[in-house]
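S.K.: Next up is a structure, given as structure tokens.
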Amino acid sequence: MSQDDTRSQDRILFQLKTRGPQTAAEIGARLEMTPAGARQHLVKLEAAGLVASDHQREGRGRPRKYWRLTPRGHERFPDRHSDLTLDLLRSMQAVFGERGMETLIEHRERASIADYRKAVGTEGSLRRRLASLARLRSREGYMASVLKDADGFLLVENHCPICAAAAACQGLCRSELAVFRAVLGPDVTIERVDHILAGARRCAYRITPAL
């Protein structure tokens, strides 16, 4: 496979990771390819087990074919040092017990709050602070972005670089929600509306100004 083909297929995988299921025409439009060109790459990615497709009916007319990442495709965006992290978590649970794990999570939570507050600050609009938080999370590997909706904002994280650890120790997910609430302050409400560990393709948090 040529370097251009590899680069194009990597870009398609990134689009599916960050935007969810799409048609070949939608992918082609975003990546400046023809629908046929995008479809050729998708067929090759399907043969490699990285993407799959299904048909969805949208009103009248023929169903449209949507492409999505398979679990193997998601693995192209790796969980950082997952094997080592899981071994360490199991060892700590065995040595220190559940209370010891909670103490460790609480320590990590306090340190994260302090670091995030320095980066995000307390001044400026909610949009600006969320943009700072999303940039920080993206640097940590979460592929984060902020979307505006009718109720407020969505903080979207398209990847979880600690997913294996979070699956083994779900207190980590609970702690991250607590960190966001502490950093953004009492003037907003935060609710997790999508969760990778619950089967969603992303984690997303609805953030609305408190009444």
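S.K.: So how far apart, in nm, are the two label points at ARG57 and VAL95 if each is 7 Å from Cα heading toward Cβ?
M.R.: Spacing of the two 7 Å Cα→Cβ label points: 5.9 nm.
S.K.: Also, I was wondering about something else. Just to be sure I understand: with springs between alpha-carbon atoms less than 10 Å apart, which residue in LEU133, LEU50, LEU104 has the highest mean-square fluctuation in the Gaussian network model of the chain?
M.R.: LEU104
S.K.: Taking amide H positions as placed 1.01 Å from N in the peptide plane, with prolines and chain starts having none, which residues 5 or more places from ALA144, or on another chain, fall under 5 Å of its amide H?
M.R.: So ALA144 has HN proximity to SER138, ASN158.
S.K.: Please report, as a whole percent, how much of the solvent-accessible surface of the chain comes from carbon and sulfur atoms (probe radius 1.4 Å).
M.R.: 52 percent
S.K.: For segment 78-201, build the charge dipole from Cβ charges (+1 Lys, Arg; -1 Asp, Glu) around the Cα centre, then report which of LEU177, VAL146, SER91 sits farthest towards its positive end.
M.R.: VAL146
S.K.: What does the charge dipole of segment 110-207 about its Cα centre add up to, to the nearest 20 debye, if the Cβ of each Lys and Arg holds +1 and the Cβ of each Asp and Glu holds -1?
M.R.: Dipole size: approximately 200 debye.
S.K.: Roughly how many Å² is the accessible area per residue of segment 98-211, as a whole number, for a 1.4 Å probe?
M.R.: 51 Å²
S.K.: Helix 126-139 versus the longest principal axis of the chain: what is the Cα-based angle in degrees, 0 to 90, to the nearest 10?
M.R.: Taking Cα atoms only, the helix is inclined about 80 degrees.
S.K.: Just to confirm the number: angle between the C-alpha axis of helix 3-19 and the first principal axis of the chain, 0 to 90 degrees, nearest 10?
M.R.: 60 degrees
S.K.: Assign unit charges at the C-beta atoms only (+1 for Lys and Arg, -1 for Asp and Glu), then state the dipole size of the chain relative to its Cα centre in Debye, rounded to the nearest 20.
M.R.: It works out to roughly 600 debye.
S.K.: While we're looking at this one, here's another question. What aspartates and glutamates could a cross-link reach from LYS17, if we take a straight Cα to Cα line under 19 Å and drop same-chain neighbours fewer than 8 places away?
M.R.: By straight Cα distance, LYS17 reaches ASP5, GLU26, GLU32, GLU46, ASP54, GLU75, ASP79, GLU140, GLU157, ASP194.
S.K.: Let me ask something additional. Given the -39500 (n - 2.57) contribution per DSSP H run of 4+ residues, what per-residue ellipticity at 222 nm results for the chain, rounded to the nearest 500 deg cm²/dmol?
M.R.: Calculated at 222 nm, the ellipticity per residue is -17500 deg cm²/dmol.
S.K.: Now for a different question. Per residue of segment 146-154, in order, report the coupling 6.51 cos²θ - 1.76 cosθ + 1.60 (Karplus, θ = phi - 60°) as ³J(HN,Hα) in whole Hz, putting x for Gly and Pro.
M.R.: Ordered by residue, 3J(HN,Hα) equals 10, 10, 8, 9, 5, 8, x, 9, 10 Hz.
S.K.: May I pose another question? Quick one: 3J(HN,Hα) in Hz for segment 99-107, Karplus 6.51/-1.76/1.60 with θ = phi - 60°, rounded, Gly and Pro as x.
M.R.: Karplus-based 3J(HN,Hα) across segment 99-107 equals 5, x, 5, 4, 4, 5, 5, 4, 5 Hz.
S.K.: Separation between the ARG64 and THR103 pseudo-spin-labels, each 7 Å from Cα along Cα→Cβ, expressed in nm?
M.R.: Result for the modelled spin labels: 5.5 nm.
S.K.: Placing unit charges on C-beta atoms (Lys and Arg positive, Asp and Glu negative, everything else neutral), compute the dipole magnitude of segment 1-82 about its Cα centre in debye, rounded to 20.
M.R.: My answer is approximately 300 debye.
S.K.: So, one more: Taking the chain as the reference, fit the longest principal axis to its C-alpha atoms, fit the long axis of helix 35-47 to the helix C-alpha atoms, and give the angle between the two in degrees, 0 to 90, nearest 10.
M.R.: 70 degrees
S.K.: Further, regarding this structure: What residue among GLU140, GLU123, GLU109 shows peak mean-square fluctuation when the chain is described by a Gaussian network model with Cα springs under 10 Å?
M.R.: Among GLU140, GLU123, GLU109, the largest mean-square fluctuation in the Gaussian network model of the chain belongs to GLU123.
S.K.: What do you get when you divide the Cα radius of gyration of segment 77-196 by 2.2 N^0.38 Å, with N the number of residues?
M.R.: Scaled against compact globular proteins, the figure is 1.12.
S.K.: Classify segment 1-50 from the C-alpha gyration tensor, please: rounded if a/c falls under 1.5, else prolate or oblate depending on whether a/b exceeds b/c.
M.R.: In terms of gyration-tensor shape, rounded.
S.K.: Can you check what the net charge comes to around ARG206, using other residues whose Cβ is under 11 Å from the Cβ of ARG206 (Lys, Arg +1; Asp, Glu -1)?
M.R.: -3
S.K.: Taking the Cβ-Cβ separation of GLU191 and PHE14 as r and a Förster radius of 30 Å, what is the calculated FRET efficiency to the nearest 0.05?
M.R.: Efficiency for this residue pair is about 0.60.
S.K.: Take the alpha-carbon centre of segment 163-181, take the same for segment 1-68, and report the distance between them in whole Å.
M.R.: Segment 163-181 and segment 1-68 have Cα centres separated by 32 Å.
S.K.: Can you tell which of PRO161, ILE207, GLN40 lies farthest toward the positive end of the dipole of the chain, using +1 and -1 charges on the Cβ of basic and acidic side chains (Lys, Arg; Asp, Glu)?
M.R.: Among PRO161, ILE207, GLN40, the one farthest towards the positive end of the dipole of the chain is GLN40.
The values are calculated or read from the model by the stated rules, or taken from the named source; none is laboratory data. Every value quoted in this text rests on a predicted model; they were computed, and no experiment measured them. Cβ sites come from the backbone with ideal geometry, for glycine too, and all protein chains shown count toward neighbours. When the accessible area is computed, the model is the full protein with side chains, heavy atoms only, and any ligands, DNA or RNA have been set aside. Shrake-Rupley method; radii C 1.70, N 1.55, O 1.52, S 1.80 Å.
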